[in-house]
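Working notes, beginning with the structure itself.
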Amino acid sequence: MKIKVLALLFSVAAAAQGPPPPISHIKGNLYRGNAGLHNVFLVTPDGIILVDPISTPFATALKPLLAERFHVPVRYVVYSHGHYDHIEGGSVFADTAQFVAHENVRRAMDGRLPQFPGGIWDANRNSRIEFEEAKFIARVDALVKKHGYCTVVVSEGAHRADGSFLAEQGTRDAFGHAQLGGAAPVVANMVKTALGHKFHWAVADYLQRAARHIASKTDVRQAYELGKRAVELALKGQNAVMPTIERTSDVPYRYRIGVADLADVANVEKFMPRDFISADGFSITEKCRRYLRPLIAGEDYPAYRGGLPVYATLKNVPVAPRLAPFALQ
């Protein structure tokens, strides 16, 4: 889901004629925070949309006032631009808020913050949860004490507050992406060093890619449908496009095969929605389970021969050239 800011609300300098009340009403559900400087915020039943958290002292003074008066948390913090005196207070609301800004705001920052406080949510991103080692170790320790063991599933995209990946090797691919070497051994060694527990780690990797024999019926059906659609598009002469799966219903599960321009999706990351992730960042929500269940439903085992799955073997018969000889420039 892309978040677009349709109207910009800017913070303004405080007037000099006496101290205003801490919170003043503008109109409807729109208010202004006053603590030496001004900012504006919109109150909704689900939470507050706050524009420009100004400074840490400003945000620290404002936060309890919002809670006391409106009884809902700050759900979104909108950065109008990247100046330090407008966004430095963002970390105060990072426990409940998602951060929204134009994608150029990061590049426009003046450098006094290493990254956006609390992590940045911009117009093209859905969620980021930074890996906090102390918080993770405490969670593992508590679960081991309770159950006698702990199973950890970790994404290779797990990253620290400074944006570096746990599994980063220090090299980049042709597109500038970090080359990742596996987060599992990194996390396992953290546990060993901090808690002294024995561990075993495994990476699915090629085993997962070769596991067609345990693929879900939904997965197999969609794979064939996408392949068929791709061939149809190619035969129609369409280029720089890809077939997509567009869900229309969770229960019952329904979808359609669509088409997307590569210019819109190539080299673009789609992050997991924040409401798919539990509040503590260590699990998934019921909304996420509802999304995932139909994708893993049904069995579609291939035929077996001699204990091994039988797969189709391509004939790889070459076709006659259709283009005249040409030289690449």
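Computed from the coordinates by the stated procedures, all read-outs in this text should not be read as laboratory data. Note that the coordinates shown come from a computational prediction; the quantities given were computed from them, not determined experimentally. As a convention, Cβ positions derive from the backbone with ideal geometry for all residues, glycine included, and neighbour counts pool all protein chains shown.
Miscellaneous remarks
- Over 31 Å between alpha carbons, listed pairs Lys63/Lys135; Lys236/Lys287; Lys63/Lys192: Lys236/Lys287; Lys63/Lys192
- Overall Cα dimensions of the stretch 179-288, principal axis frame, Å, largest first: 60, 31, 30
- Rounded FRET efficiency, nearest 0.05, which uses the C-beta distance separating Ala234 from His200 and R0 of 45 Å: 0.50
- Ranked by how many other beta carbons lie within 10 Å on average, peptides 46-54, 289-297 from highest: 46-54, 289-297
- Under 5 Å between amide hydrogens, built in the peptide plane, is the criterion, and for Gly298 it picks out Lys217 among residues at least 5 positions away or on other chains.
- For Val40, the residues whose modelled amide H falls within less than 5 Å of its own, excluding neighbours fewer than 5 places apart on the same chain, are Gly33, Val51.
- If R0 is taken as 25 Å, the Cβ-Cβ distance between Arg221 and Ala263 corresponds to a FRET efficiency of 0.30.
- Amide hydrogen neighbours beyond the local backbone of Val74, cut-off 5 Å, H modeled: Ile48
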